[in-house]
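*Asks:* I have a structure I would like to understand better, so I am pasting it below and will then ask my questions one at a time.
The values are calculated or read from the model by the stated rules, or taken from the named source; none is laboratory data. These numbers come from a predicted model, not from an experiment. Neighbour counts are summed over all protein chains in view; Cβ atoms, including those assigned to glycine, are modelled from backbone coordinates with ideal geometry. These accessible areas exclude ligands, DNA and RNA; they are computed on the full protein's heavy atoms, side chains included. Shrake-Rupley method; radii C 1.70, N 1.55, O 1.52, S 1.80 Å.
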Amino acid sequence: MGKVFGYPDFDANGEKILTTYDNEYKDMMMDIRVYRMKAGETRSFKRDGEEVAVLLLSGKIVYTWEGNEEAVSRKDVFTEGPWCVHVCTGTEVRVTADADSEILVQCTKNNTEFAAKLYRPEDAPWGYSCKGKFGNVAKRRVNTIFDHDIAPWSNMVLGEVLNDRGNWSGYLPHRHPQPETYYFMFDRPEGFGASFVGDQVFKSTDGSFSAIPGGELHPQAVAPGFQMYTCWMIRHIEGNPWLQTDRCEDERYTWLHDAEF
């Protein structure tokens, strides 16, 4: 098994590499990178044999793809919803920054051709999960930008989680056969949390990530006083796509569903 947690930095060109097909996190079967872009800068993303999703984390950009152009903005991941362009193999997405911006680019192998789509905030509304359960300390807001139900032609899932301050997410502890990557951001630079991967525990910090192998339990927590954002990205397994109904909770903790707090 490869490494399961990382603290990467941006290089001089504004690129931060999380997982690739051949680095220490290759078990994720995805290529995931984050880019800081300066106003006026343009980046182009086009991969043969791979699908590409370009998610705006913050800033003001113009997406250009297949003759389409859309100017979008997002103050930050804590106050506004996601914009994301998702394209198939051989399709180019250009991103031009109108202000200093940050984007996340998720790719995986996929030769299936499908129509490109711009997902807007209204396509992925935030909804509370676990509200009122477990003493109300596991409630968090979740959105799903696309999954197997929304985009069955894709080999990926992309969504976001906002932990309330001091709360848990991914709770009850759960597992699924498909690998999953979490990218963490905090509303303050000194913010931190705890990321569990099986029996290992890591300090989540701003810009860190968790590479969760299939079958490992993976709850998360954030320290009081801080909001934690998690971009969650799952790679489907051939013949076994991840489905919302596939959540498999650790049987040692399922009694909590009926407990009174």
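*Asks:* With springs only between Cα atoms under 10 Å, which of Glu216, Glu41, Glu180 fluctuates most in a Gaussian network model of the chain?
*Replies:* It is Glu41.
*Asks:* Going 7 Å from the Cα of Arg165 in the Cα-to-Cβ direction, what parts of segment 183-197 have a backbone nitrogen less than 19 Å from that spot?
*Replies:* Taking a point 7 Å out along Cα→Cβ of Arg165, the residues of segment 183-197 whose backbone N falls under 19 Å are 185-194.
*Asks:* What list of ³J(HN,Hα) couplings, whole Hz, do you get for segment 232-238 from phi and the Karplus terms 6.51, -1.76, 1.60, once you set θ to phi - 60° and write x for glycine and proline?
*Replies:* These are the phi-based 3J(HN,Hα) values: 10, 9, 10, 9, 4, 9, 4 Hz.
*Asks:* Round to the nearest 10 and report in Å² the accessible area of Lys60, as given by a 1.4 Å probe over the protein chains' heavy atoms.
*Replies:* Solvent-accessible area, nearest 10 Å²: 110 Å².
*Asks:* Here's something else I'd like to know. Given R₀ = 25 Å, FRET efficiency for Lys3-Thr254 by Cβ-Cβ distance, to 0.05?
*Replies:* Taking R0 as 25 Å, the efficiency between Lys3 and Thr254 is 0.25.
*Asks:* Related question: Return the Rg/Rh value of segment 149-261, two decimal places, where both radii are evaluated on C-alpha atoms and Rh is the Kirkwood radius.
*Replies:* That ratio equals 0.98.
*Asks:* Could you tell me how far the Cα centroid of segment 1-63 sits from the Cα centroid of segment 204-261, in Å?
*Replies:* 22
*Asks:* Ordering Thr245, Thr254, Thr144 by accessible area with a probe of 1.4 Å, largest first, what comes out?
*Replies:* Values: Thr245 120, Thr254 55, Thr144 30 Å².
Ranked from most to least accessible, the order is Thr245, Thr254, Thr144.
*Asks:* So, in nm, how far is label Tyr128 from label Arg188 when the simple model puts each one 7 Å beyond its Cα toward the Cβ?
*Replies:* 2.4
*Asks:* Just round it to a whole percent: the fraction of Cα-Cα distances in segment 134-210 exceeding 21 Å.
*Replies:* Everything past 21 Å amounts to 34 percent.
*Asks:* What is the calculated FRET efficiency for Lys46 to Val201, with r their C-beta to C-beta distance and R₀ = 35 Å, to the nearest 0.05?
*Replies:* Working: r = 39 Å, r/R0 = 1.11.
Taking R0 as 35 Å, the efficiency between Lys46 and Val201 is 0.35.
*Asks:* Okay, next question. Can you list residues from other chains, or at least 5 along the same chain, whose modelled amide H is less than 5 Å from the amide H of Phe192?
*Replies:* Amide H neighbours of Phe192: Ala223.
*Asks:* Turning to a different aspect of this structure: Can you pull the one-decimal nm distance between simple spin-label points at Asn136 and Tyr21, each 7 Å off the Cα toward Cβ?
*Replies:* So the two model labels end up 4.9 nm from each other.
*Asks:* If you plug each phi of segment 133-146 into the Karplus form 6.51 cos²θ - 1.76 cosθ + 1.60 with θ = phi - 60°, what whole-Hz ³J(HN,Hα) values come out, in order, with x for Gly and Pro?
*Replies:* Result, rounded to whole Hz: 9, 6, x, 6, 9, 10, 6, 8, 8, 9, 10, 10, 6, 8.
*Asks:* Take each of the peptides 255-261, 79-85, average the number of other beta-carbon atoms within 10 Å over its residues, and list them starting from the highest.
*Replies:* Listed from highest to lowest mean packing, they are 79-85, 255-261.
*Asks:* Rg over Rh of segment 20-75, using C-alpha atoms and the Kirkwood radius, what does it come to? Mind dumping the intermediate values first?
*Replies:* On the way: Rg = 13.6 Å, Rh = 13.5 Å.
Reported Rg/Rh, Kirkwood definition of Rh: 1.01.
*Asks:* Let me ask another. Run the dipole for the chain about the Cα centre, Lys and Arg Cβ at +1, Asp and Glu Cβ at -1, nothing else charged, and hand back the magnitude in debye, nearest 20.
*Replies:* Using only the charged Cβ atoms, the result is roughly 480 debye.
*Asks:* If you don't mind, another one. Per q in 0.08, 0.15, 0.16, 0.17 Å⁻¹, report the Debye log10 I(q)/I(0) for the chain, using one uniform scatterer on each alpha carbon and no solvent.
*Replies:* With one equal scatterer per Cα and no solvent, log10 I(q)/I(0) is -0.30, -1.10, -1.26, -1.44.
*Asks:* Compute a Gaussian network model of the chain, connecting alpha carbons closer than 10 Å, and tell me which residue from Thr112, Thr230, Thr181 fluctuates the most.
*Replies:* Greatest mean-square fluctuation among the candidates belongs to Thr112.
*Asks:* Mind ordering 33-39, 152-158 by average Cβ neighbours within 10 Å, highest first?
*Replies:* With the highest mean Cβ count within 10 Å placed first, the list reads 152-158, 33-39.
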